[in-house]
1. Of all strands (runs of 3 or more DSSP E) completely enclosed by segment A:1-98, which ones contain at least 1 residues that are within 14 Å of another protein chain (Cβ to nearest Cβ) and either farther than 20 Å from residue A:227 by Cβ or of a type outside the set (Gly, Ala, Ser) (or both)?
2. For residue A:242, all conditions in the list (1) touching a strand residue (DSSP E or B) at 6+ places or on another chain (Cβ under 6 Å); (2) within 14 Å of chain B (Cβ to nearest Cβ); (3) surrounded by 19 or more Cβ atoms within 10 Å (Cβ to Cβ) hold save one; what is the number of the exception?
3. Which is surrounded by 24 or more Cβ atoms within 10 Å (Cβ to Cβ), in the same structural domain as residue A:218 (by TED's automatic domain parsing) and more than 30 Å from residue A:232 (Cα to Cα), of A:139, A:122?
4. Within the set of pairs 6+ apart or on separate chains, which have a first residue in segment A:237-256 that is touching a residue at least 24 places away in the same chain (Cβ under 8 Å), a second that is surrounded by fewer than 12 Cβ atoms within 10 Å (Cβ to Cβ) and assigned to a loop (DSSP other than H, G, I, E, B), and C-beta atoms under 8 Å apart?
5. Hey, which of the helices (runs of 4 or more DSSP H) in segment A:109-193, taking only ones fully inside, have at least 1 residues that are within 17 Å of residue A:17 (Cα to Cα)?
6. Which strands (runs of 3 or more DSSP E) does segment B:1-84 wholly contain that include 1 or more residues that are among the hydroxyl-bearing types (Ser, Thr, Tyr) and either at the interface with another protein chain (Cβ under 9 Å from one of its Cβ atoms) or crowded, with 23+ Cβ neighbours inside 10 Å (or both)?
7. Do you know which of the residues in segment A:181-236 that are within 14 Å of another protein chain (Cβ to nearest Cβ), of a type in the set (Gly, Ala, Ser) and free of Cβ contacts under 8 Å to residues at least 60 places away in the same chain is nearest to residue A:124 (Cα to Cα)?
8. Which of the residues that make up segment A:184-216 are surrounded by fewer than 19 Cβ atoms within 10 Å (Cβ to Cβ) and aliphatic (A, V, I, L, M)?
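The values are calculated or read from the model by the stated rules, or taken from the named source; none is laboratory data. All of these numbers come straight from a predicted model, not from anything done at the bench. Cβ placement follows ideal geometry from the backbone for every residue including glycine, while neighbour counts extend to all protein chains displayed.
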Amino acid sequence: MGAFLENTRIVRHADAGPGYRTLVLEAPRLSAALSPGQFVHVRVPGLEASALRRPFSVFFAGEGRVELLYKVVGRGTAALATAAEGDTVDVLGPLGHGFPETCRGTPLLVGGGYGVAPLHFLAARMVQSSPAAHPILFLGGRTRDDLLALDRFAALGVEVRLATNDGSAGSKGFVTDPLDDALIEHRSKGMPFELFTCGPDGLLKAVAQRAVGTGMPGWISMDRHMVCGVGACFACIQRVKGPDGRPFNARCCVNGPVFAANDIIWDS
Amino acid sequence: MRTPLTTASGTFGYGTEYAAALDYSCLGAVTVKGIRMSPWPGNGMPRHAEVPGGLVNAIGLQGPGIDDFLAYHLPHYVDVVGSDLPMIVNIWGGSIDEYAAVAARLSDAGAPVAAIEVNVSCPNVKAGGHTFGHDPAVLAQVVKAVRAATALPLIVKLAPNVPDIVPYVRACEDGGADAIALINTIPAMVIDIERRRPVLANRTGGLSGRAVHPVAVKLVHDAYRATTLPILGMGGVYEAADAIELMLAGATAIAVGTATFTDPATAERVLGGIVEYCTRHGFSSACELTGALDG
């Protein structure tokens, strides 16, 4: 479906942890059209009239609502954070190529910080569509304050394994530590799995390496600054292997943001 | 053109990307992204930086090349948009021969390809673009070569960063252009002071958006006084007032560019506002606005 504009209304806008916010929009058309891993492009209320839109992955969509989970990182998110319940927000979507929703074997979801947002929507859709799926979430952050939405995953019945750099929650170290334990377990038992990840580039690269190394599918959601969001401007490029095996500059907004791990050509 | 509005090349992809976000009936033509003979990878990342009042970009004319454009993008446009809405194809090259060769290939394309916009003013590529647009004698050669290669209407898109636009307008006339387009982006640079590095991988880029609008008005005004060629005005058109200003300065048609990124429905608002303005001021048609400065 082509991207369309929807004039949405804020029904809830609340803190989700230090520096993090949850924005719930009444958006009947978008909520029905969005798939996990897709994103929306938000015209931030209160920013100057010529400011670019800001892209956000979708934390949940359904039941007439679209939920975003974001971190206040710059001018756009700082302005968005002040929007009040009842305000209208102009949203462009659905955008991009999301995660596959079917999975052969165990879905292993690997999130870093607010990169957990699209993994929640994916987990919700997986649990709903195939109760036998049993996804496992591996979530990492610097401290326990960066581990978001744990209550929502608990409500979905999703098993969660945590890691923090300072050891304030879960294992101390990187989220790839508990992930590697699970990969060893799956491989020793001959159990298939697929990897789904969103977070900082370092994490994405680490997860992609594990997908390629184990020969299992990996789905990597890239986070890039975007301008148009619809493929018109060519500002959000990621070098990937094309269908013919030759490298090309893919647009994260339409060819991604989710790419197959095998296809991504990482900067050296 | 059924309306005086088109899209600015490079802001509207290959014409289909905004099909569900904008009512295309407000457009008189769609101008698509620059095409050369062979595929072109464009510049490295980052390719853009947001600045107050605009956007600095250095995309570098990434594109599929004429073969893929004709084989895939043009038929896709016909499927999504139809053949009735004319397409203006922006072209560029690394040599005068390449400009002519791309134009020749487009000549045979048929509807909806209705005109060629010759880009001699992109600030973001070394090989082509502004190399040909900053010397009136070379510019005239490019326009002549393209003119000889096609019977399609030719619009020449000029650079704003010249001391006097008139010699470039003359070169377009001498080369056989049918119209000129003003303005392309203005060369610009953004520095990340914490990292002490240029933000753009290309180091420099081109500024577009609200900030460039008065520059565009001035150049359209200067060009209009020097030529009878129709002028396609663009640069910071976010509201109807911006388009009307360019028309009063001398533009016959208007392109909406960077504003589309903020509001994909900008062209709809702009057209509605032009109609309202004409009614309020007693103009029977938007054509009457061209150069209608009272003083």
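1. Working: elements: A:4-17, A:20-26, A:39-43, A:54-57, A:60-62, A:65-71, A:88-95.
Output list reads A:4-17, A:39-43, A:54-57, A:88-95.
2. Every listed condition holds for residue A:242 apart from (3).
3. On inspection, the qualifying residue turns out to be A:139.
4. As it stands, the answer is A:239/A:267, since those pairs meet every condition given.
5. By residue number, A:116-129, A:150-156.
6. On the way: elements: B:5-7, B:30-35, B:48-51, B:54-57.
In segment B:1-84, B:5-7, B:30-35 are the strands (runs of 3 or more DSSP E) which contain 1 or more residues that are among the hydroxyl-bearing types (Ser, Thr, Tyr) and either at the interface with another protein chain (Cβ under 9 Å from one of its Cβ atoms) or crowded, with 23+ Cβ neighbours inside 10 Å (or both).
7. A:231
8. Going through segment A:184-216, the residues surrounded by fewer than 19 Cβ atoms within 10 Å (Cβ to Cβ) turn out to be A:184-192, A:200-202, A:205, A:209, A:212-215.
Selection gives A:184, A:191, A:212.
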